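Below is one structure; the comments refer to it alone.
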Amino acid sequence: MEVTIKHQPAYTLAIVTLKGNEDIRVEPGAMVSHTDGMVMETKAEGGFMGGFKRMLSGENFFVNTWGAPANGGEITLAPSLPGDMITLDINGEFYLKSGAFIAGEMGVTTDASWGGARGFFGGGGLILLKVSGQGRVIAASYGAIVERQLAAGERYVVDTGHIVGFENTIGFTVEKSGSWKSTILGGEGFVCHLTGPGRVLMQSRSEEAFLGWLIPKLPKSSN
C-alpha cells in the first residue's frame with residue numbers, strides 16, 4: 001500500500017494505492033472515493049464481543065475491508081473532523097487515542113480492551129488504543145499534527161485532549177492539571193505525564209475545547 005497525503009493540515013485527504021488483490025482495513029465513514037472494481041466487506045472484527053468492545057471504546061462496531069481487483073486500485077480517505085493525517089510504520093506496538101485510527105494494512109490490529117486503556121480516561125473520556133502488528137497505518141487528528149521526540153528520562157506534559165498517540169517505549173500517567181479547584185475552574189482538566197524515550201504525536205486543536213466553546217452558543221429550546 002502506498003499513501004499520498006494532500007491538503008495538509010486543515011482538510012487533509014489520503015490517497016491510497018493498492019496492489020492487485022491487496023486489502024486494507026478502513027474505519028466506517030472514512031471512504032471518500034475509489035476506483036472501479038474495489039470491493040467492500042463489512043464485519044465485526046473479533047465477532048460480536050469484539051465489535052461490542054470497540055463500540056464501548058468509542059470506535060465503530062463494524063470495520064470495513066476494501067479489496068483491490070487483480071489490476072490494483074485506489075481509495076481516498078478522510079477523517080470526520082477538519083485536521084491532519086499521518087502515516088505510521090508499525091513494527092510492534094504504538095498507542096493511538098480512540099478515533100485517531102483511519103485505516104491500516106491487514107497485518108495491523110487495534111485493541112481497546114488491553115489493561116492500560118482502562119487507566120487512560122481524561123476529562124473528555126479519552127481512551128487509548130493499542131495498535132500492534134506489522135504494517136502501515138493512517139491516523140488523523142483534529143487540527144495540525146505536532147511531533148516531539150523525547151529523550152530517555154525526559155518528562156513532558158500534554159493535555160489529554162491534545163494527545164494523538166505515542167510509542168510504546170514511553171511511560172505515562174494521567175493526573176489533574178493542578179488542584180481540584182484549578183482543574184475545575186482553570187479549564188485545563190486532566191493532563192498526561194509522559195516519560196521518554198520515544199515519539200509523541202499531538203494535535204493543535206481539542207474536540208472538547210471546541211465543544212465547550214460551541215455548546216453555550218447553540219439556540220435554546222423555547223419549550
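Spin-label model, Lys217 to Glu147: label points 7 Å out along the Cα-to-beta-carbon direction sit 3.3 nm apart.
Please identify which residues in segment 62-100 have an amide N closer than 17 Å to a label point set 7 Å out from the Cα of Arg199, following the Cα→Cβ vector. Zone members listed by number: 84-97, 100.
Sort the following peptides by mean Cβ neighbour count (other Cβ atoms within 10 Å, averaged over residues), highest first: 208-218, 133-143, 13-23.
133-143, 13-23, 208-218
As a calculated quantity, the FRET efficiency between Lys19 and Glu154 at R0 = 25 Å, using C-beta atoms, amounts to about 0.05.
We did not get these values from a lab; they are worked out from the coordinates using the rules stated. Computed from a prediction, not measured in an experiment: that's the story for all the values here. Cβ coordinates were reconstructed from backbone atoms using ideal geometry, including for glycine residues, and neighbour counts include every protein chain displayed.
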